[in-house]
Amino acid sequence: MSAIDIRQVRKSFHNLEVLHSVDLSIGKGEFIVLVGPSGCGKSTLLRMIAGLEEVTGGDIVIGGRLVNDLAPRERNLAMVFQSYALYPHMTVAGNMSYSLRLRKFAKDKIEAAVAGAAGILGLTDLRERRPRQLSGGQRQRVAMGRAIVREPQAFLWDEPLSNLDARLREQMRAEIKKLHQRLGATSIYVTHDQIEAMTLADRIVAMESGTIQQIGSPADLYDRPANLFVAGFIGSPAMNFLGADCAVAGEGRTCLVADDGPRFEIAGLTGDPSGGRVTLGIRPEHVLLGDAAGEGASDAEVDLVEPTGMGAIVHFRFRETSHKAYHLGRAEWRPGDRIKVRLPADRLHLFAAEDGRRIN
Ligand SMILES: Nc1ncnc2c1ncn2[C@@H]1O[C@H](COP(=O)(O)OP(=O)(O)OP(=O)(O)O)[C@@H](O)[C@H]1O
Ligand SMILES: [Mg+2]
């Protein structure tokens, strides 16, 4: 299995650049997840790697070989799409073996490849069925089987689970993770699903408007987002943001006064933001409510309570803006209730107001 190097790759459609000098080095066997808002260029990047889109500038190197001008089939990659159109008149085994038959593999080789993939994917007993006799998840597994039998250099996945219902998605997500653990194949996976990104990725690549905003482990992006965009994009419910003014509090400490009321004192800011504007970020699960808020809590009002089963998302406001807290367990608060809220200073993310970069 191969490493993939994307070097200063650009893509334009009719003079409009949609990918701007993208650099990404993918290690052998690594599972990379691309995330970003609709239209940011995820599919375009994947399609260029697959050879389905021409590269406007830069190089794509797979396994040490420059592939810019190679046709898709010469790249030996397997791509699994959102719509996985199986051939309805062919059996499961027929669908899975189609590409090998096209390439005139020997019959025993084909049978062995199909049996191997069917075993891995739990399709052994379904090999003679037609697609219409399968559930959505089983069909999705056949599409994966079709990719596996080719023993590709790498797998490219473009939102493969987005057509499935929540339970099937959860099952298939685990299947894909197991498959990766078994085959160790280099994989690039595009998804809109936060949980898929967090659970599958060795590294997540967060993209916005054709540029990479951050590359790192799921924990890196979650715990130390590099800028406001990543902070707001990764995590659900999303991070809360509050505008604040900085003032010096002495001995390397900075006093932050949020427009919305709360005050904080923190140490160790890079640069000197004193006198400046910052944006404070705090994740909903780090907001402390009610008795848990303890000393130094502020008064707030409950706007809305959304029970999730495992807990509740509690919407509250200090003054104007509504923020969210994730409360684990039952929440007995009602809209209009007064509530104590504390945003622990050691859980704050700080971003420069002018360009959104992280400063703590
Ligand atoms: N064939 C094309 N011709 C012109 N513009 C295109 C073409 N394909 C994609 N684009 C544009 O390139 C940009 C990136 O599209 P792309 O499909 O890569 O986005 P994406 O990140 O995959 O979005 P989504 O999450 O909605 O699938 C978009 O602005 C899109 O409109
Ligand atoms: Mg897409």
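The values are calculated or read from the model by the stated rules, or taken from the named source; none is laboratory data. As the structure is a prediction and not an experimental result, all values here were calculated from the model. For neighbour counting, all protein chains shown are included, and Cβ atoms are generated from backbone atoms with ideal geometry for every residue, glycine included.
May I ask you to say which residue of A292, A231, A197, A300 is outside any helix (DSSP H, G or I) and among the hydrophobic types (A, V, I, L, M, F, W, C)? Break it down stepwise before answering.
Values: A292 fails: outside any helix (DSSP H, G or I); A231 fails: outside any helix (DSSP H, G or I); A197 fails: outside any helix (DSSP H, G or I).
Result of the check over A292, A231, A197, A300: A300.
Check T186, T199 and return the single one that is more than 16 Å from ligand 1 (Cβ to nearest atom) and closer than 22 Å to A238 by Cα. Full working, then the answer.
Values: T186 fails: closer than 22 Å to A238 by Cα.
Only one candidate passes the filter, namely T199.
Can you say whether L52 is within 8 Å of ligand 1 (Cβ to nearest atom) and more than 22 Å from F233 (Cβ to Cβ), as far as the supplied structure shows? Show your work before the answer.
Details: within 8 Å of ligand 1 (Cβ to nearest atom): no; more than 22 Å from F233 (Cβ to Cβ): yes.
Criteria not met by L52.
Inspect the stretch 239-254 for any residue being at pLDDT 85 or above, out of contact with any Asp or Glu (no Cβ under 6 Å at 6 or more places or on another chain) and loosely packed, with under 15 Cβ neighbours inside 10 Å and give the result as yes or no. Write out each step before concluding.
Narrowing the stretch 239-254 to residues at pLDDT 85 or above: 239-246.
Subset that is out of contact with any Asp or Glu (no Cβ under 6 Å at 6 or more places or on another chain): 239-241, 244-246.
Then keep just the ones that are loosely packed, with under 15 Cβ neighbours inside 10 Å; that gives none.
No; the residues of the stretch 239-254 include none that is at pLDDT 85 or above, out of contact with any Asp or Glu (no Cβ under 6 Å at 6 or more places or on another chain) and loosely packed, with under 15 Cβ neighbours inside 10 Å.
State all residues of the stretch 158-194 that are within 19 Å of A78 (Cβ to Cβ) and part of a helix (DSSP H, G or I); if no residue qualifies, say none.
Looking only at the stretch 158-194, we keep the residues that are within 19 Å of A78 (Cβ to Cβ), and these are 158-163, 172-173, 175-191.
Correct list: M172, R173, E175, I176, K177, K178, L179, H180, Q181, R182, L183.
A85 versus (1) more than 25 Å from the chain's Cα centre (by Cα); (2) more than 15 Å from ligand 1 (Cβ to nearest atom); (3) of a type in the set (A, V, I, L, M): which is the lone unmet condition?
It fails just one condition, (1).
So which of R75, R65, R47 is of a type in the set (D, E, K, R) and within 16 Å of ligand 1 (Cβ to nearest atom)? Full working, then the answer.
Numbers: R75 fails: within 16 Å of ligand 1 (Cβ to nearest atom); R65 fails: within 16 Å of ligand 1 (Cβ to nearest atom).
When all the criteria are applied, what remains is R47.
Residues of the stretch 22-31 being more than 15 Å from ligand 1 (Cβ to nearest atom) and part of a strand (DSSP E or B), which ones?
Of everything in the stretch 22-31, those that are more than 15 Å from ligand 1 (Cβ to nearest atom) and part of a strand (DSSP E or B) turn out to be D23, S25, I26, F31.
Does A50 satisfy the condition of being within 16 Å of ligand 2 (Cβ to nearest atom), under 27 Å from G137 (Cβ atoms), in contact with a helix residue (DSSP H, G or I) (Cβ under 7 Å, 6 or more places away or on another chain) and of a type in the set (G, A, S)?
Yes, satisfied.
Listed residues F264, F229; which is under 27 Å from the mean Cα position of the chain (by Cα) and either in the same structural domain as R319 (by TED's automatic domain parsing) or on the phi < 0 side of the Ramachandran plot (or both)?
Values: F264 fails: under 27 Å from the mean Cα position of the chain (by Cα).
Only one candidate qualifies: F229.
Per-residue answers, yes or no, for (1) surrounded by fewer than 22 Cβ atoms within 10 Å (Cβ to Cβ); (2) in contact (Cβ under 8 Å) with a residue 60 or more places away in the chain; (3) within 16 Å of ligand 2 (Cβ to nearest atom):
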residue: M144; (1), (2), (3): no, yes, no
residue: A147; (1), (2), (3): no, yes, no
residue: W157; (1), (2), (3): no, yes, yes
residue: K177; (1), (2), (3): yes, no, no
residue: F229; (1), (2), (3): yes, yes, no
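So, in the stretch 334-355, how many residues would count as being at pLDDT below 95, surrounded by 13 or more Cβ atoms within 10 Å (Cβ to Cβ) and part of a loop (DSSP other than H, G, I, E, B)?
Number of matching residues: 4.
Right, V142: closer than 23 Å to K177 by Cα and touching an Asp or Glu at 6+ places or on another chain (Cβ under 8 Å) or not?
Values: closer than 23 Å to K177 by Cα: yes; touching an Asp or Glu at 6+ places or on another chain (Cβ under 8 Å): no.
Considered against the rule, which asks whether it is closer than 23 Å to K177 by Cα and touching an Asp or Glu at 6+ places or on another chain (Cβ under 8 Å), V142 comes out as no.
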